[in-house]
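Peer 1: Handing you a structure now.
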Amino acid sequence: MARRSKETASIGSFLVELVTYAVFVFAYFFLVLNFLGHWLKHLFDQQRTLYAVVALALIVVQGIALEMLTTALWKLIRRWEK
Amino acid sequence: MDFLISGTHISPVYLMVVGFLVGILGGFFGVGGSFLAGPALFAVGVPMNFVVGTDLAHIVGKSIVAAKRHRILGNVDIKLGLIMVVGTILGVETGAQIIQQLKRHRNVDEVVAIAFVIVLLGISAFIAWESWQTSKMPKAKRPARPRAGRKPKQDASAIAYVAKYVHRLHLPPTVSLPHSGIERISLWTILLVAYVGGVFSGFMGGGAGYVRMPAMVYLLGVPTHVAVGTDLFEVVISAGYGTLTHALKGNVDILIALVMHTGAAIGAQIGAMLTQYFHGTRIRMAFVPLPLLGAALIVYSLITGHRL
């Protein structure tokens, strides 16, 4: 019984995390990615080497940033539960 | 949304959902998920050379998240991962050069798509057969089912003798991998496995975990959980190189990768947590239908010429 309520709480926490995360991603998507498109296309056409470096840097930074965001959200939600 | 670099028009929600599903699978099975992400991109009209390069870029961001989680869980053999990086990078460059040749001959879509289908069917059939054989083994020979939070020290496999045979090949130099429970193995064997995986990665995109992960389990004898984590760790570095080399060759639409990755980041977190509740055979058995789904998407696109 106690285990089941613990599992339900975890699922609830996860859903809260998912919704909060979706809001962040939605804002990021429209604020940042929309404006990057033309600049990246220009780099792709004119300076391929710089484009390659920027592309790798963008995906690495996004990977680390989203990891930090999901971890922070997870911790925050755990603290609320306590 | 228009993706100017690859000249495609794709719904960002579709990309995020694909990324989310692939993220769960990647975190759970330790594979990049290119067996699904590649066909899913091809099915909405992304040219195959962009599918390959873009998927590699998306894998970098996703694997950072999942590899860190697996490292915390103790599933990463750093020594093995670093050795494999060398072979993989050489293989990725070979694969990327093959793509360039096909681009010049203007048949990259057909050749890579057909290769994708053959490989996916082969992998699916092999893992199904092996998992079936393992499940028929007497219970006494199988390790106990792990409890949540615990991992088995050994992994059951019906063809464990193959790995034992490989371990007996003492072609110098040899290395020991205590974290993976391997006393001694030839360095050349590891490099060869990594190189072949790298060729698939450079040629078909993604981390090629669908080739490397089974090869690590069945040929090198690495426990499934360690193979999952080590593969992800190694993929971060080798896919990073793959992204650079493919971007230089004009095969990466980084915006597609960034949008897909926003979904993958959260999915990878869930997938990595799920590995704690299943043992190796069950993970492998659950993997079986996934490459088939990818193959079905490609066959549909090739035969009908339609895009989703």
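The values are calculated or read from the model by the stated rules, or taken from the named source; none is laboratory data. Note that this is a predicted model, so its numbers are computed, not measured. Note: ideal-geometry Cβ built from the backbone for every residue, glycine included; neighbour counts use all protein chains shown.
Peer 1: Give me the pairs: first residue in the stretch A:39-51 and facing chain B (nearest Cβ under 9 Å) and surrounded by 11 or more Cβ atoms within 10 Å (Cβ to Cβ), second residue at pLDDT below 95 and not in a helix (DSSP H, G or I), beta-carbon distance under 8 Å, and six or more apart or on different chains, which are they?
Peer 2: Here the result reads A:LEU40/B:LEU4; A:LEU40/B:ILE5; A:LYS41/B:LEU4; A:LYS41/B:ILE5; A:PHE44/B:ILE5; A:PHE44/B:GLY250; A:ARG48/B:GLY250, each pair linking the stretch A:39-51 to a residue that is at pLDDT below 95 and not in a helix (DSSP H, G or I).
Peer 1: Name the residue that is nearest to B:VAL228 (Cα to Cα), counting only residues in the stretch B:177-199 that are buried (at least 19 other Cβ atoms within 10 Å of the Cβ) and touching a His at 6+ places or on another chain (Cβ under 8 Å).
Peer 2: B:ILE182
Peer 1: Go through (1) closer than 15 Å to B:ALA268 by Cα; (2) without any contact (Cβ under 8 Å) to a residue 40 or more places away in the chain; (3) of a type outside the set (Gly, Ala, Ser) one by one and return the number of the condition B:ARG104 breaks.
Peer 2: That leaves (1) as the condition not met.
Peer 1: Okay, next question. Mind counting the residues in the stretch B:182-235 that are outside any helix (DSSP H, G or I) and more than 13 Å from the chain's Cα centre (by Cα)?
Peer 2: Residues in the stretch B:182-235 being outside any helix (DSSP H, G or I) and more than 13 Å from the chain's Cα centre (by Cα): 10 in total.
Peer 1: On to the next question. Here are the criteria: (1) at pLDDT below 80; (2) away from every other protein chain (no Cβ under 11 Å); (3) closer than 25 Å to B:GLY242 by Cα. Tell me which single one A:ALA9 does not satisfy.
Peer 2: Condition not satisfied by A:ALA9: (3).
Peer 1: Would you please list the contacts, defined by Cβ atoms under 6 Å and residues six or more apart or on different chains, that run from a residue in the stretch B:1-15 that is at the interface with chain A (Cβ under 10 Å from one of its Cβ atoms) to a residue that is surrounded by 15 or more Cβ atoms within 10 Å (Cβ to Cβ) and among the acidic types (Asp, Glu)?
Peer 2: Once the first residue is at the interface with chain A (Cβ under 10 Å from one of its Cβ atoms) and sits in the stretch B:1-15, its partners that are surrounded by 15 or more Cβ atoms within 10 Å (Cβ to Cβ) and among the acidic types (Asp, Glu) give B:PHE3/B:ASP253; B:ILE5/B:ASP253; B:SER6/B:ASP253.
Peer 1: Select from the stretch B:253-269 the residues that are more than 7 Å from every other protein chain (Cβ to nearest Cβ) and out of contact with any strand residue (DSSP E or B) (no Cβ under 6 Å at 6 or more places or on another chain) and list them in ascending order.
Peer 2: Within the stretch B:253-269, B:MET260, B:GLY263, B:ALA264, B:GLY267, B:ALA268 qualify.
Peer 1: I need the full set of residues from the stretch B:31-73 which are modelled with pLDDT of 85 or more and not in a helix (DSSP H, G or I), in order please.
Peer 2: Within the stretch B:31-73, B:ALA43, B:VAL44, B:GLY45, B:VAL46, B:PRO47 qualify.
Peer 1: Between a first residue in the stretch B:53-66 that is surrounded by 24 or more Cβ atoms within 10 Å (Cβ to Cβ) and a second residue that is of a type in the set (Asp, Glu) and assigned to a helix (DSSP H, G or I), which pairs have beta carbons less than 6 Å apart while being 6 or more apart in sequence or on different chains?
Peer 2: B:VAL65/A:GLU67
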